[in-house]
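Single-structure report; data block below.
The values are calculated or read from the model by the stated rules, or taken from the named source; none is laboratory data. Values in this document were obtained by computation on a predicted structure and should not be read as measured data. Here the Cβ positions follow ideal geometry from the backbone for every residue, glycine too, while neighbour counts run over all protein chains shown. These accessible areas exclude ligands, DNA and RNA; they are computed on the full protein's heavy atoms, side chains included. Shrake-Rupley method; radii C 1.70, N 1.55, O 1.52, S 1.80 Å.
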Amino acid sequence: MKLAWQRQTIHSRHPFHIARGGASLEGDETQRVIVQVEHEGIVGLGEAAPSAYYNQSCESAEAALAQAAELLGDDPFGVAAVVDGLLERFPDQSAAVAAIDAALHDWIGRKLGVPVWKLLGLDPSLTPHTSYTIGLTEPENLPARLAQAEMFQSLKLKVGSEHDEATLRIVRQHAPRVGLRVDANGAWSAEEALGRIEALSRFGLELIEQPLAPGQFEALADLRRNNPVPIIADEDCVGVSDVVRLAGVVDGVNVKLAKCGGISEACAMIRVARRLGLKVMLGCMIETSLGISAAAQLASLVDYVDLDGHLLLADDPFKGLMLAEGVVRPADKPGLGISRRTLP
Ligand SMILES: [Mg+2]
């Protein structure tokens, strides 16, 4: 198997900000690493979306890829063992491992002529609608952002600024019936969180993501007992062992391929979460259609879908995902169903 990779610069439609540093894109430009595995004349593609928050960068991803090239063996169908080995060897480079995992799944699907969701035994017609994310912004920018979000049944609003209530008020005026999810990215202290959630919950919330900085399980459990809005852990939930520790602490977990290391690991997290009575959200970084397509293959398994990273881009270099009535679906095409877009 031959492994190759290249950088891809991407731009967001609007400057993107959240309540903490280390977002997968800050401002309006970033780079991704597009990974390619080639074997028997067939090419499979995957995308690494490293996050500084998880101590990852394009450089650290590429360093892991350079070493991983020796470890892939010569059978793409051995993806499960390959990915397990890579996660052991590079436990902090989950974005790079996820890219290899996606490329191997893409290769297998292309080789067999079937979509990855079919290989996994899933039915994409059951995919829930995605939320559409609006990053932290000045309230005067909201009407234009909301105009672009009209087709979506749920919005995810980044919170953790002094404008939170004004933001939710404006959103509710424009979209009285839209589902509202808020993501504090750990911005609130344990003391203030209950008050902040109460102030925002009068606008009607579907859920709140990561209200506290990670590692405060007792305070999270208290918060869950004392407020009516379901709490979803994101920064607190990276891999399978976190899912186990969060059972009984929160209402649900946000699974992301770039955090856990790809499709194989995400499937394990989703199944463990289900058995433990947790709701599951499937999220993403700001990624091209290639990265999002790997997650979209699994989206029919979860309760809440948040796969809008490619929709926030001004120059998505890939195409192939479908979007209808606010639902992002993978194509009925071999592998991940993605191809390069010819840019003007
Ligand atoms: Mg989040």
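Among residues of the range 313-326 being of a type outside the set (D, E, K, R) and open to solvent by 20 Å² or more (accessible area, probe 1.4 Å), the one that is nearest to Gln8 (Cα to Cα) is Ala314.
Take the conditions in a loop (DSSP other than H, G, I, E, B), modelled with pLDDT of 95 or more and open to solvent by less than 50 Å² (accessible area, probe 1.4 Å) and apply them to Gln8. Does it pass? It is false that Gln8 is in a loop (DSSP other than H, G, I, E, B), modelled with pLDDT of 95 or more and open to solvent by less than 50 Å² (accessible area, probe 1.4 Å). Looking only at the range 1-29, residues that are in contact with a strand residue (DSSP E or B) (Cβ under 6 Å, 6 or more places away or on another chain) and not hydrophobic (A, V, I, L, M, F, W, C) come to 11 in all. Restricting Val33, Val97 to those that are at pLDDT 95 or above, under 17 Å from the mean Cα position of the chain (by Cα), open to solvent by less than 50 Å² (accessible area, probe 1.4 Å) and more than 18 Å from Leu313 (Cβ to Cβ) reduces the list to Val97.
One line per residue, one yes/no per condition, for (1) of a type outside the set (Ser, Thr, Tyr); (2) at pLDDT 95 or above; (3) open to solvent by less than 10 Å² (accessible area, probe 1.4 Å); (4) within 14 Å of the ligand (Cβ to nearest atom):
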residue: Leu180; (1), (2), (3), (4): yes, yes, yes, no
residue: Arg202; (1), (2), (3), (4): yes, yes, no, no
residue: Pro214; (1), (2), (3), (4): yes, yes, no, yes
residue: Ala219; (1), (2), (3), (4): yes, yes, no, no
residue: Cys237; (1), (2), (3), (4): yes, yes, yes, yes
residue: Ser241; (1), (2), (3), (4): no, yes, no, no
residue: Asp251; (1), (2), (3), (4): yes, yes, no, no
residue: Ile263; (1), (2), (3), (4): yes, yes, yes, no
residue: Cys267; (1), (2), (3), (4): yes, yes, no, no
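What about Ile10, is it closer than 24 Å to Ile338 by Cβ, of a type in the set (Val, Ile, Thr) and in contact (Cβ under 8 Å) with a residue 60 or more places away in the chain?
Numbers: closer than 24 Å to Ile338 by Cβ: yes; of a type in the set (Val, Ile, Thr): yes; in contact (Cβ under 8 Å) with a residue 60 or more places away in the chain: yes.
Yes: the conditions hold for Ile10.
Residue count for the range 271-286 under the criterion of being away from the ligand (no atom under 14 Å from the Cβ) and either under 11 Å from the mean Cα position of the chain (by Cα) or surrounded by fewer than 22 Cβ atoms within 10 Å (Cβ to Cβ) (or both): the result is 7. When you scan the range 144-167, do you find a residue that is in contact (Cβ under 8 Å) with a residue 40 or more places away in the chain and acidic (Asp, Glu), even just one? The answer is no, given that none of the residues of the range 144-167 is in contact (Cβ under 8 Å) with a residue 40 or more places away in the chain and acidic (Asp, Glu). Going by what's in this entry, would Ala103 be described as under 20 Å from His310 (Cα atoms) and open to solvent by 40 Å² or more (accessible area, probe 1.4 Å)? Criteria not met by Ala103. Residue count for the range 182-199 under the criterion of being surrounded by fewer than 16 Cβ atoms within 10 Å (Cβ to Cβ) and part of a helix (DSSP H, G or I): the result is 6.
Against the numbered list (1) in contact with a His (Cβ under 6 Å, 6 or more places away or on another chain); (2) open to solvent by 40 Å² or more (accessible area, probe 1.4 Å), Pro76 comes up short only at (2). Taking the criterion of being surrounded by fewer than 24 Cβ atoms within 10 Å (Cβ to Cβ) and not aliphatic (A, V, I, L, M), the residues of the range 84-94 that qualify are Asp84, Gly85, Glu88, Arg89, Phe90, Pro91, Asp92.
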